[in-house]
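Visitor: Okay, here's the structure, questions in a sec.
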Amino acid sequence: MAQYDLLRGDHGEDRLWDIHKGQIETLNEVLDCLNNIVMEEADLQIKAGGETVAKNGSAIRAMVEGSLVSISANTDMPALSGTVTAEKHNVFSIYIDANGVLTSSMGTEGDTLATVVLPTRPADKAQVGMVKVSPSGGSFIGGTTALDDATANTEYIDTPGPQLSNKQSHTLTVES
């Protein structure tokens, strides 16, 4: 009885939720990311020379919202939308939903790769990977600038496994 009294407020309301709210929300986020997971690397790469879209070199298999989803190899990834300013860095995250629909979202550019803010992963999607762009000598315009343009400085990052939803801002950390 004494333990229960410690959880009660001045007016007898239960304070258990207030005490454990942060832990419960974190646990829910972890469970959500485990429910939305890419199980194999997509082998992201440019579709072909001079193209503005990427493709997956390997089949994509994911579990999204409890559904097994598969995308065959050499499928076009969604168009990249947005501009990355010259001499800045940014990423375009690629997601898959339970219906196998691929979408992309641009992060917030930074002066260095470490200051890029990753886009928030939608709760009902799994992250397939990212296209990192660090243009030099001119801005990168998604859907217009070729991914292999000499000024684009493009890298393809596969992200199999669980990905937290980024409800709080996270930055991309790179070790040299």
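The values are calculated or read from the model by the stated rules, or taken from the named source; none is laboratory data. Note that this is a predicted model, so its numbers are computed, not measured. Cβ atoms come from the backbone with ideal geometry, glycine included; neighbour counts cover every protein chain shown.
Condition check ((1) in a strand (DSSP E or B); (2) touching a residue at least 40 places away in the same chain (Cβ under 8 Å)) across all residues:
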residue: 73; (1), (2): no, no
residue: 95; (1), (2): yes, no
residue: 99; (1), (2): no, no
residue: 105; (1), (2): yes, no
residue: 123; (1), (2): no, yes
residue: 146; (1), (2): no, yes
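Yes or no, residue by residue, for (1) in contact with a Pro (Cβ under 7 Å, 6 or more places away or on another chain); (2) loosely packed, with under 13 Cβ neighbours inside 10 Å:
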{"site": "71", "(1), (2)": "no, no"}
{"site": "77", "(1), (2)": "no, no"}
{"site": "83", "(1), (2)": "no, no"}
{"site": "89", "(1), (2)": "no, no"}
{"site": "97", "(1), (2)": "no, no"}
{"site": "103", "(1), (2)": "yes, no"}
{"site": "112", "(1), (2)": "no, yes"}
{"site": "117", "(1), (2)": "no, no"}
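Every residue, every condition in (1) within 13 Å of residue 53 (Cα to Cα); (2) basic (Lys, Arg); (3) under 12 Å from the mean Cα position of the chain (by Cα), yes or no:
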residue	(1), (2), (3)
74	yes, no, no
79	yes, no, no
85	no, no, no
90	no, no, no
94	yes, no, yes
97	no, no, no
148	yes, no, no
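Visitor: What pairs come up if the first residue lies in the stretch 40-55 and is in a strand (DSSP E or B), the second is modelled with pLDDT of 95 or more and of a type in the set (Gly, Ala, Ser), and their beta carbons are under 7 Å apart, counting only those six or more places apart or on different chains?
Guide: Close Cβ pairs satisfying both conditions: 44/54; 44/129; 45/54; 45/57; 46/54.
Visitor: Could you count how many residues in the stretch 92-120 are within 23 Å of residue 61 (Cβ to Cβ), modelled with pLDDT of 95 or more and of a type outside the set (Ser, Thr, Tyr)?
Guide: Of the residues in that region, 9 qualify.
Visitor: In the stretch 119-158, what count of residues is obtained for those that are within 19 Å of residue 71 (Cβ to Cβ) and surrounded by fewer than 22 Cβ atoms within 10 Å (Cβ to Cβ)?
Guide: Number satisfying all stated conditions: 6.
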